[in-house]
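K.L.:
Sharing a structure here in structure tokens format.
Please treat every number below as a calculation from the coordinates, not as lab data. Keep in mind that what you see is a predicted model, and the values were worked out from it rather than measured.
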Amino acid sequence: MAVLLTGGAGYIGSHTAVELLNEGYEVVIADDLSNSSEEAIRRVEKITGKTVSFYRCDVREWEALNRIFADNSIEAVIHFAGLKAVGESVREPLRYYRVNLDAAMTVLEGMQTHGVKRFVFSSSATVYGAECPFPYTEDMETGGCTNPYGWTKFMIEQIVTDTAKATGMSAVLLRYFNPVGAHPSGLIGEDPAGIPNNLMPFVSQVAVGKLKRLNIFGNDYPTPDGTGVRDYIHIVDLAKGHVAALVYAEQHTGTEVFNLGRGSGVSVLELVENFERANDIKIPYVFTERREGDIAECWADTTKAKELLGWTAKLGLEDMCRDSWNWQRQNPNGYDE
Ligand code: NAD
Ligand code: UD1
């Protein structure tokens with residue numbers, strides 16, 4: 001069975017490609033490489049010993065997308081393609097709404113035209129309301145987004161739900177918590193452009209000496225040690241969650257939503273301590289002001305994914321820290337040689 005991964009050269013897409021290939025699926029990737037490198041695809045092939053069909057294109061271009069569906073017997077789509085930088089979305093809201101909504105709608109239209117019935121979408125924990133009590137369950141109210149990026153996820157969830165209702169398609173909305181880490185081979189990993197916004201890539205770049213020290217954004221939150229608490233999940237676990245979602249979509253119709261997290265909160269200081277211990281390396285840090293838009297804590301209730309997908313995260317914080325460092329150390333400049 002061939003699966004189309006839009007944005008499949010990116011961080012989550014490339015790891016998902018590995019897990020799908022390992023499970024015997026054929027993988028077709030459509031990616032414009034606006035935030036990734038073709039080298040990631042070559043490395044996916046190296047890890048798995050299998051080949052990937054790659055199309056370099058913007059999935060909003062109907063002709064190009066149409067050709068991909070026509071040339072391959074695609075039976076399911078996992079839609080990763082989109083812009084994802086929160087701060088940038090605040091500065092350039094129209095670009096974010098245009099690219100993210102248009103990409104999702106064009107892909108859904110392509111599926112409709114070619115009779116493809118299974119869809120998995122990369123949503124985010126950011127769709128929950130900031131007022132929701134922790135841990136987040138899938139039935140809680142959404143729409144508490146604080147930036148255009150988050151709103152695009154909220155809107156696409158609605159677009160997918162309506163389309164599935166109208167067409168009889170089966171759709172799975174995956175709300176990711178905080179994916180971190182890298183494939184244990186160290187061949188693929190997260191390769192952020194410029195200075196990383198997210199915690200783990202920042203810590204890894206401090207460890208490799210590219211950045212001087214970590215700024216911890218606030219130590220006065222109402223959390224056990226005063227620093228922000230998140231639900232970090234190993235990227236390999238997250239990727240396996242997509243395989244489980246595909247299997248679920250094969251067996252059900254309609255739209256279902258799942259949290260993909262580990263179901264436990266970890267503070268910034270805990271993550272730093274684990275990184276230092278797992279890799280025997282010191283991470284210099286200072287406390288600074290809180291980052292605008294940050295919340296104190298956020299973690300998932302993962303019961304639904306466990307019960308309906310039969311999926312649960314297996315890897316722990318030490319695995320995440322070890323594999324992040326392994327990737328960073330082997331590829332100090334990411335995919336750029
Ligand atoms: P990424 O930027 O590494 O991957 C996205 C890929 O999509 C990139 O390879 C990029 O080149 C490609 N792309 C962007 N616009 C495109 C277009 N119009 N046509 C074709 N390709 C296009 O990001 P990621 O971290 O792998 O995230 C994948 C998805 O998961 C995104 O939709 C993101 O919003 C979502 N998500 C990510 C996180 C996270 O923490 N990484 C959390 C929640 C949700
Ligand atoms: C961020 C995004 C969110 C997105 C998620 C996953 C913002 C406001 N939110 O969330 O929309 O879904 O990434 O991609 O950008 N931290 C530091 N120093 C740093 C970086 C982070 O102390 O240099 C702290 C943060 O304050 C937070 C924790 O580390 O408490 C995790 O931050 P981050 O990795 O950016 O993820 P989120 O804040 O959860």
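K.L.:
Can you tell me which of 126, 137, 113 moves the most in a GNM of the chain? Springs connect C-alpha atoms under 10 Å apart.
P.N.:
113
K.L.:
Over all directions, how big on average is the projection of the convex hull of the alpha-carbon atoms in the stretch 278-337, in square nanometres?
P.N.:
Answer in nm², one decimal: 7.4.
K.L.:
Could you work out which residue, out of 211, 174, 260, moves most in a Gaussian network model of the chain, that is, has the largest mean-square fluctuation with Cα springs under 10 Å?
P.N.:
211
K.L.:
Roughly speaking, what is the centre-to-centre gap between the stretch 65-125 and the stretch 228-273 when only Cα atoms are used, to the nearest Å?
P.N.:
Rounded to whole Å, the Cα centres lie 20 Å apart.
K.L.:
Next question. Indicate the helices, whole DSSP H runs only, in the chain that combine a mean Kyte-Doolittle hydropathy of -1.0 or more with a Cα extent along their long axis of 18 angstrom or more.
P.N.:
Long hydrophobic helices here: 93-114, 148-167, 235-251.
K.L.:
Over 5 Å intervals from 0, what percent of Cα-Cα pairs in the stretch 163-206 sits in each interval?
P.N.:
Histogramming the stretch 163-206 at 5 Å steps yields 5, 16, 18, 17, 11, 8, 8, 11, 5, 1 percent.
K.L.:
What is the set of long-range amide H partners of residue 29 at a cut-off below 5 Å, with H atoms built 1.01 Å from backbone N?
P.N.:
Close amide H contacts, sequence-distant or interchain: 5, 53, 54, 55.
K.L.:
Total Lys pairs in the chain closer than 13 Å by alpha-carbon, pairs eight or more apart in sequence or interchain only?
P.N.:
6
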